[in-house]
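Participant: Have a look at this one.
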Amino acid sequence: MCLAAVYLQQSDGSVAGEPAFDDVALLECKQGEVIITPMLATSQTIRGQIRSVDLLDSRVIIETDGEETSDS
């Protein structure tokens, strides 16, 4: 099974060494927000945009202002 790890990139360009979300099964982009749905957890919405997707390493970088907007 190939699930993704999501890392958050801050506005200064820094990316945390540890993933913010593991085992992500679904990402949806809607009006400046990214809805992140892990396989065994509740969806969360982050203000930001996807910067890169590395399918080989199952790694997604999302540029964000650090605000989590809601749980779904």
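Participant: Which value, in Å³ per residue, describes the convex hull spanned by the Cα atoms of the chain?
Facilitator: Residue-normalised Cα hull volume stands at 81 Å³.
Participant: Also, I was wondering about something else. Just want to confirm a number: the relative contact order over the chain, from Cα pairs under 8 angstrom separated by 6+ residues, in percent.
Facilitator: About 31 percent, as a whole number.
Computed from the coordinates by the stated procedures, all read-outs in this text should not be read as laboratory data. In this text, all values refer to a predicted model and were calculated from it rather than measured experimentally.
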